[in-house]
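Chemist: Take this structure, written in structure tokens, and hold onto it; I'll ask about it next.
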Amino acid sequence: MKFTEEHEWLEKDEDTVSVGITEHASEALGDIVFVELPEIGTMVSKGDEIVVIESVKAASDIMAPIDGEIVEINEALIDAPSSINESPLDAWFFKIKPSDPTQFDSYLDEDAYTAIIS
């Protein structure tokens with residue numbers, strides 16, 4: 001698992017990368033009440049805004065951490081956005097098939113991420 005400085009987590013499996021938000025981000029946002037997910041098949045570039053999260057405190061965007069194609073979304077979050085608060089590391093937003101898998105390697109490991117939020 002890797003982490004971004006914007007408090008997203010990335011988990012790589014065979015040919016996709018799952019993306020969600022960290023517990024730190026979930027706590028900072030407060031109770032999440034709405035999630036807008038990207039469409040399957042959407043081609044994204046690193047830095048594109050692709051997910052909108054609304055909580056009782058604020059609205060926030062999730063940026064694409066890598067270039068690629070959205071191949072799956074977690075539709076359960078649309079009906080139950082609060083599940084993100086309950087278990088942020090299980091509540092992935094989307095899976096992306098990277099066009100450049102080496103981009104994954106540039107992100108923080110758990111120790112480096114923990115040092116940032118401490």
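Chemist: Output the residue which, of all residues in segment 87-97 that are among the hydrophobic types (A, V, I, L, M, F, W, C) and assigned to a loop (DSSP other than H, G, I, E, B), is most open to solvent (accessible area, probe 1.4 Å). Break it down into steps so the answer makes sense when it comes.
Modeler: Taking segment 87-97 and keeping what is among the hydrophobic types (A, V, I, L, M, F, W, C), we get 89, 91-94, 96.
Subsequent filtering for residues that are assigned to a loop (DSSP other than H, G, I, E, B) retains 89, 91-93.
Working: L89: 84, A91: 7, W92: 49, F93: 0 Å².
Across segment 87-97, the extreme among qualifying residues is L89.
Chemist: Could I ask something else about it? Looking at segment 76-86, which of its residues are part of a helix (DSSP H, G or I) and among the hydroxyl-bearing types (S, T, Y)? Don't jump to the end; show me each part of the working.
Modeler: Pass one, segment 76-86, residues part of a helix (DSSP H, G or I): 76-79, 83-86.
Across segment 76-86, the qualifying residue is only S83.
Chemist: Evaluate segment 68-78: report whether one residue or more is modelled with pLDDT under 95, surrounded by 15 or more Cβ atoms within 10 Å (Cβ to Cβ) and under 12 Å from the mean Cα position of the chain (by Cα).
Modeler: Scanning segment 68-78, I find no residue that is modelled with pLDDT under 95, surrounded by 15 or more Cβ atoms within 10 Å (Cβ to Cβ) and under 12 Å from the mean Cα position of the chain (by Cα), so the answer is no.
Chemist: Another question about this same structure. For the structure I just gave you, tell me whether K46 is at pLDDT 95 or above, open to solvent by 20 Å² or more (accessible area, probe 1.4 Å) and under 13 Å from E8 (Cβ atoms). Full working, then the answer.
Modeler: On the way: at pLDDT 95 or above: yes; open to solvent by 20 Å² or more (accessible area, probe 1.4 Å): yes; under 13 Å from E8 (Cβ atoms): yes.
The answer is yes for K46.
Chemist: Would you confirm whether any residue within segment 98-111 is part of a loop (DSSP other than H, G, I, E, B), surrounded by fewer than 14 Cβ atoms within 10 Å (Cβ to Cβ) and within 13 Å of the chain's Cα centre (by Cα)?
Modeler: Within segment 98-111, not a single residue is part of a loop (DSSP other than H, G, I, E, B), surrounded by fewer than 14 Cβ atoms within 10 Å (Cβ to Cβ) and within 13 Å of the chain's Cα centre (by Cα).
Chemist: Does S60 satisfy being modelled with pLDDT under 95 and surrounded by 14 or more Cβ atoms within 10 Å (Cβ to Cβ)? Explain how you work it out, then say what you get.
Modeler: Working: modelled with pLDDT under 95: yes; surrounded by 14 or more Cβ atoms within 10 Å (Cβ to Cβ): yes.
The answer is yes for S60.
Chemist: If you don't mind, there's one more thing I want to ask. Which residues, counting only those in segment 2-57, are within 13 Å of F104 (Cα to Cα), more than 12 Å from the chain's Cα centre (by Cα) and touching a residue at least 24 places away in the same chain (Cβ under 8 Å)?
Modeler: K12, D15, T16, K46
The values are calculated or read from the model by the stated rules, or taken from the named source; none is laboratory data. Because the structure is predicted, anything quoted here is derived from the model rather than measured. Glycine gets a Cβ as well: all are built from the backbone with ideal geometry, and neighbour counts include every protein chain shown. Only protein heavy atoms, including side chains, enter the accessible area calculation; ligands, DNA and RNA are left aside. Shrake-Rupley method; radii C 1.70, N 1.55, O 1.52, S 1.80 Å.
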